[in-house]
Amino acid sequence: MKVWVNGALYDPEQARVSVFDHGILVGDGVFETVKSVRGEAFALTRHLDRLAASAAGLGLPAPDLDAIRRGTLDVLAASPRWELGRIRITYTSGPGPLGSDRGDQGTTAVVAATEQTPFPSAGDVTVVPWPRNERGALSGLKTISYGDNAKALAYAHERGGGEAIFGNLAGNLCEGTGSNVFLVRDGRLITPPLSSGCLAGITRALVLEWYGGDEEDVPLEAIYQADEAFLTSTTRDVQSIRAVDGTVLPTAPGPVTREAMEAFAKRSAEIVDP
Ligand code: PMP
């Protein structure tokens, strides 16, 4: 296995970034998680485009997407051909001062990969008491400032949840720590709009394109009353929600979830870079 740092491949023990990297100091960076299936990156172009959009939103210099794409392919080529792999692309403002001002020594880009254990096809979720800030400066950006997600996921795990669910400041349903959420109500498939503060999930977008569904705000409480619900993410694809804070939903996976799962599995097997 190799790790790619700023254009060169290293053994994992030799790969280094500065302890003054502003990503480490203040979380000043953006990232992507890309899945690989039997050695091939899925939806890499969409992930690179989102990396660039997050970097622009954070005010970082534009990342060299061609170099990062090559780095990703080189890391995959140097890895075992896992059935399912997880590629992590991290891009930061580079070494900087100890405060929030940015440095001028150039950006840091890292690509690393590990094997990924598939998620179970159904899981429980825990609603957390802290809102997503849909009006915040980083709303909708995939920055490496994931402390709130780490805290929320630990809170969910302590209560038996496999994922944490956030509402937003308006009291509406938003997303998970690393996933988007869909509900079935009265036969309609609904997911919160991007204005809810959720990340523009690539799996979310592909489910909407390949299967359908409406983007609509619903109160956070609607998740407890859903006929069916599921999560989407790069590493999960479509994962049915069995229970929310101990409220067991009527079916998991229900008929709509099952169709969405099948549509996603079929189309994603046909197109590597949709
Ligand atoms: N929301 C958040 C906060 C995430 O970190 C992720 C994972 N990238 C998602 C949603 C799901 O997005 P995707 O389908 O692109 O993995």
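Here are the numbers:
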item	result
Of all accessible heavy-atom area on the chain, the percent that carbon and sulfur account for (1.4 Å)	52 percent
The chain: calculated mean residue ellipticity at 222 nm from DSSP helix runs of at least 4, using -39500 (n - 2.57)	-8000 deg cm²/dmol
Relative contact order, percent, the chain [alpha-carbon distance under 8 Å, six or more residues apart]	18 percent
Top of Gly171, Gly187, Gly123 by mean-square fluctuation, Gaussian network on the chain, Cα under 10 Å	Gly187
Rounded FRET efficiency, nearest 0.05, which uses the C-beta distance separating Thr114 from Asp49 and R0 of 25 Å	0.60
Nearby aspartates and glutamates by direct alpha-carbon distance to Lys142 (threshold 14 angstrom, same-chain neighbours under 8 apart not counted)	Asp28, Glu32, Asp49, Glu134, Glu175
Charge-dipole axis of the chain as Lys and Arg at +1 and Asp and Glu at -1 on Cβ define it, positive-most pick from Ala260, Val248, Tyr91	Tyr91
Residues of region 122-270: accessible area per residue with a 1.4 Å probe, Å²	41 Å²
Test item: Cα-centred dipole of region 122-270, Lys/Arg +1 and Asp/Glu -1 on Cβ, debye	340 debye
DSSP beta bridge pairing in the chain, given as percent antiparallel to the nearest 5	80 percent
Assigned charges on the beta-carbon of Lys, Arg, Asp, Glu; region 17-106 dipole about Cα centre (debye)	420 debye
Test item: Cα-centred dipole of the chain, Lys/Arg +1 and Asp/Glu -1 on Cβ, debye	400 debye
Listed residue (Val218, Leu189, Ala109) projecting farthest to the positive dipole end of the chain, Cβ model	Ala109
Beta bridge orientation in region 35-172: antiparallel %, DSSP, nearest 5	75 percent
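The values are calculated or read from the model by the stated rules, or taken from the named source; none is laboratory data. Please read all numbers here as calculations on a predicted model, not as lab measurements. All Cβ positions, glycine included, derive from the backbone under ideal geometry; neighbour counts span all protein chains shown. Calculation scope for accessible area: heavy atoms of the full protein, side chains included, ligands and nucleic acids excluded. Shrake-Rupley method; radii C 1.70, N 1.55, O 1.52, S 1.80 Å.
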